Amino acid sequence: MSAERARDLIKRLLSFSQKLPQASTPVVVANILKETAVILHSSMPANITIECDIDEPAARIIASPDALQQISMNLGTNACLAMKPQGGTLILRQRCDHSTHTIRIAVLYKPFNRKGLLASLAAVHPKS
């Protein structure tokens, strides 16, 4: 199972890096963030913890899942590198604002004894 997920991820990342056209489809943001957390966890030192803070697990946007995965992986990796060697916590956060039909995705990091925000993205999600 995990070998198949790794194979699929590598295939998606290679297609993304080759600038091939990517289809935008409805994407459940929480699934991408959770998958990113699993992948990053396997390559980060033990003194860095990774959390997913998701307010609506079924919220979706129209996007390229590969591009969203690549962005979250890059931001998460940069945050983890910024916390070395002291460690800290990486937070992959999703917040929905129903009044504006917006999903905000944030990659935050909290090095021990400090606070930090690496990046925040916003996307309009389809009206239900």
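The values are calculated or read from the model by the stated rules, or taken from the named source; none is laboratory data. Quick caveat, the model's predicted, so the values are computed rather than measured. Positions of Cβ are generated from backbone atoms using ideal geometry, with glycine treated the same way; all protein chains shown enter the neighbour counts.
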Residue check, Ile71 over 15 Å from Lys110 (Cα atoms), among the β-branched types (Val, Ile, Thr), under 12 Å from the mean Cα position of the chain (by Cα) and modelled with pLDDT under 90:
yes
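Kindly check whether there is at least one residue in region 95-109 that is at pLDDT 90 or above, touching an Asp or Glu at 6+ places or on another chain (Cβ under 7 Å) and either part of a loop (DSSP other than H, G, I, E, B) or farther than 16 Å from Pro26 by Cα (or both).
yes
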Going by what's in this entry, would Ile32 be described as within 17 Å of Thr89 (Cα to Cα) and touching a helix residue (DSSP H, G or I) at 6+ places or on another chain (Cβ under 6 Å)?
no
What's the total number of residues in region 83-109 that are more than 12 Å from Cys52 (Cβ to Cβ), touching a residue at least 24 places away in the same chain (Cβ under 8 Å) and surrounded by 15 or more Cβ atoms within 10 Å (Cβ to Cβ)?
7
Which strands (runs of 3 or more DSSP E) sit wholly inside region 1-68 and have at least 3 residues that are modelled with pLDDT of 90 or more?
25-28, 48-54
Which of the residues that make up region 21-33 are touching a residue at least 24 places away in the same chain (Cβ under 8 Å) and closer than 16 Å to Gly76 by Cβ?
Val29, Ala30, Ile32, Leu33
